[in-house]
1. Could you list, in sequence order, all residues of the range 1-38 that are small (G, A, S), within 19 Å of D61 (Cα to Cα) and in contact with a Pro (Cβ under 9 Å, 6 or more places away or on another chain)?
2. Out of the range 66-90, which residues are under 16 Å from P27 (Cα atoms), in contact with a Ser or Thr (Cβ under 9 Å, 6 or more places away or on another chain) and free of Cβ contacts under 8 Å to residues at least 40 places away in the same chain?
3. Residue by residue through the range 1-22, note down the ones that are within 22 Å of A95 (Cβ to Cβ) and either in a loop (DSSP other than H, G, I, E, B) or β-branched (V, I, T) (or both).
4. Tell me, please, whether a residue that is β-branched (V, I, T), modelled with pLDDT of 95 or more, closer than 15 Å to R9 by Cβ and exposed (fewer than 15 other Cβ atoms within 10 Å of the Cβ) can be found in the range 28-36.
Amino acid sequence: MKLGELEPRWFAQGEGRHGMGVSFLCPHCRRTRIPVPFAQPLDGGPPLPGATWERTGTTFDDLTLQPSISFMAVAPDGDNVIEHWHGHVTKGKVA
């Protein structure tokens, strides 16, 4: 599916910053947003602490992120954390 179908949004932290990462609806449940901070923000400024995703592309249609994204969530039992979704964003497509 296309990233654009998952209501993507750029996010930032701090005055005058933009494009420090992207968030989008989880492809699995389409309820929770997955935040992905970039190692190279669009605005050329420093990344957020812990930002490890390498970004190529500057639009939702051509965005590629490396490495893959593993989104963890609390299990229904409330005691364990499980992998909720694991996938890739490549040239604007999510798989």
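The values are calculated or read from the model by the stated rules, or taken from the named source; none is laboratory data. This is a predicted model, so every value here is computed, not measured. Reconstructed Cβ throughout: ideal geometry from the backbone, glycine too, with neighbour counts over all protein chains shown.
1. Those that are small (G, A, S), within 19 Å of D61 (Cα to Cα) and in contact with a Pro (Cβ under 9 Å, 6 or more places away or on another chain): G19, G21, S23.
2. Selection gives E83, H86, H88, T90.
3. Passing the criteria: M1, E7, P8, V22.
4. The answer is no, given that none of the residues of the range 28-36 is β-branched (V, I, T), modelled with pLDDT of 95 or more, closer than 15 Å to R9 by Cβ and exposed (fewer than 15 other Cβ atoms within 10 Å of the Cβ).
A quick yes/no check of all residues on (1) at pLDDT 95 or above; (2) under 12 Å from the mean Cα position of the chain (by Cα):
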{"residue": "W10", "(1), (2)": "yes, yes"}
{"residue": "S23", "(1), (2)": "yes, yes"}
{"residue": "G45", "(1), (2)": "yes, no"}
{"residue": "I69", "(1), (2)": "yes, yes"}
{"residue": "V81", "(1), (2)": "no, no"}
